[in-house]
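S.K.: Take this structure, written in structure tokens, and hold onto it; I'll ask about it next.
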Amino acid sequence: MRGHVRERGKGNWYAVLSVRDPQTGMRKVRFHSLPECKTKREAQTACARLLTETSSGPHISSGKTTLREWVDHWVSIGCPGSKRRKEVGLTDKISPRTAHHVHIVLGACLATAIRTGKIARNPMLRLAKVPAPGEPDHGMVLDADQLRALVQGFKRRSFFPMVAVAAFTGARRNEILALRWDDLDVANKTLRIERALEVTAKYGMRFKEPKTARGKRTITIDDDLIALLVAERERHLRIVAGVPDGTNVDLSLVKLPPDAMMFPGSGFTRPRHPNSVSKEFKRKATALGFPGLRFHDLRGTHETLLLDQGVPVHVVAARCGHDPAVMLRSYAKRTKRADISAAAVIGSITRGVLS
């Protein structure tokens, strides 16, 4: 293998390597940009380093496959090696936990490229800084009185039924936005969760199945929430029939579209945009005296209140479509009452014994 340096324009140095293809025996010329080199001597030093590195490893023929094309291919073949915790680098404009996840996935993708002979080395392994996973944001948790005050504060607003469902079922925001009226079973007092809304740059808003089998579930709901949802459906029927509120009329012959949304955006079949829901909720919650409260915090509050009241872990996890172990780790970060309850139990046992 031979090499030399060449300057294209003032200060633009390239290493020119002459490599023999082991399969054809023919020599091929490969150009490597050396943007960090400002002088010929620096370029020659970099060229010598490239010659050493290239000679010590297997020859990889240059191709035109981009990183994006390779990632698409890697995903299409099942993401081999994705369980391995390789570490690569990326921008710091995302949360530490997300950065850590991307490290793992992209690292496995590039490792596959090495094993299949697409690249000789993983350049991302040279990075000096690797993001730590960081602690997940467990958000705010309301006590029972605070939750009642918050929900009541949304009365006489279109958000009220949606907030009530979130607070008293523990469903995720995008699961709630994907609910249809045929998911409500009034006779059995249940609400079925079997899809979620997602927003992508390529497809816009669309529905998808839950990520795991736990996500598909049927939730038992109380009489008050049933009554609220029945009233909301009646309001939609009145809109379809053109009948104003307060007018006594038989709505049994009025029909909603088969795929009518429970909490629609425009019309009856188009969902609300998740971002607008989060922004409006946060604005109103702040006005009610709960600054920083997110829509997602209603889910954590629901889980915490049930667990604090002694509802079994597996019951709460099934209700919320959660992994029990993950839920318990989050609960341990959110609750303060569990330790107080434990102390009260021990106190009842030791009463009269230690005095």
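The values are calculated or read from the model by the stated rules, or taken from the named source; none is laboratory data. Just so it is clear, the structure is predicted and the values come from calculations on it, not from any experiment. Glycine also receives a Cβ, built like all others from the backbone with ideal geometry; neighbour counts cover every protein chain displayed.
S.K.: Please tell me if Phe295 is aromatic (Phe, Trp, Tyr), in contact with a Gly (Cβ under 9 Å, 6 or more places away or on another chain), outside any helix (DSSP H, G or I) and touching a residue at least 12 places away in the same chain (Cβ under 8 Å).
M.R.: No: the conditions fail for Phe295.
S.K.: Could you please find all residues in region 260-287 being over 16 Å from Ala196 (Cα atoms), surrounded by 14 or more Cβ atoms within 10 Å (Cβ to Cβ) and hydrophobic (A, V, I, L, M, F, W, C)?
M.R.: Phe268, Phe281, Ala285
S.K.: Picking from Pro58, Pro136, Pro80, which residue would you name as being modelled with pLDDT under 60, assigned to a loop (DSSP other than H, G, I, E, B) and farther than 30 Å from Gly289 by Cα?
M.R.: Pro58
S.K.: Something else now. Which of the strands (runs of 3 or more DSSP E) contained wholly in region 195-281 include at least 2 residues that are closer than 14 Å to Phe159 by Cα?
M.R.: none
S.K.: Within region 206-259, how many residues are among the polar types (S, T, N, Q), exposed (fewer than 14 other Cβ atoms within 10 Å of the Cβ) and either modelled with pLDDT of 90 or more or in contact with a helix residue (DSSP H, G or I) (Cβ under 7 Å, 6 or more places away or on another chain) (or both)? Can you show your working first?
M.R.: As a first pass, look at region 206-259 and keep what is among the polar types (S, T, N, Q): 212, 218, 220, 247-248, 252.
If we keep only those that are exposed (fewer than 14 other Cβ atoms within 10 Å of the Cβ) as well, we get 212, 220, 247-248, 252.
The next check asks that each one be either modelled with pLDDT of 90 or more or in contact with a helix residue (DSSP H, G or I) (Cβ under 7 Å, 6 or more places away or on another chain) (or both); those that pass are 220.
Residues meeting the conditions: 1.
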